[in-house]
Amino acid sequence: MILPAGRARTSCVQLDIVPEWLEIAVAVTVSAIIAVFFLGMGGYALVAPDAILRPFAIKLTKAQSRSEVRAVYGGFGLAMAAILAFAAVDPGLRVGIMITVGVALAGMAFGRLLSAVVDKRTPFYPNWFYFLVEAVAAAALIATA
């Protein structure tokens, strides 16, 4: 294994049977794919805050409601896309970024699961669909960090 001077291996799971270049390629690919999803969500929320919440039966009737959606879904989504893109090109920070975003997604999935336990029954789409998306994305980020 040849690494640039001063660089440590960047993967949290160190399997000697998998070539390092493949571990890095998988981590970069996972990071990039999830960044694209965050970019899409963030961009859509900024330009159409009402539409992004329509599947959840939430109506945004006030300017402050739309502002909140633009901030939390839009701005946060774009920030996550940017930091995941950064993780794809900076091996020194990749592990920390991927674990942090993965844990954030796991927290979102947990919130949906808790809601399923304490609230009334919810349809597969959007609640369970997004639970699966968030759980799979979290697992992928953490496993490939």
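Just so it is clear, none of the values below were taken in a lab; they were calculated from the coordinates. These figures come from a predicted structure and were not determined experimentally. Note that each Cβ is placed from the backbone with ideal geometry, even for glycine, and that neighbours are counted across all protein chains shown.
The residues on offer are ALA25, ALA57, ALA48, and the sole one that is more than 19 Å from the chain's Cα centre (by Cα) and exposed (fewer than 14 other Cβ atoms within 10 Å of the Cβ) is ALA57. Only one entry in ALA106, ALA79 is under 16 Å from the mean Cα position of the chain (by Cα), surrounded by 14 or more Cβ atoms within 10 Å (Cβ to Cβ) and closer than 30 Å to GLU20 by Cα, namely ALA106. In the range 82-98, the qualifying residues are those that are surrounded by 15 or more Cβ atoms within 10 Å (Cβ to Cβ) and not small (Gly, Ala, Ser), and the one that is farthest from GLU23 (Cα to Cα) is ILE83.
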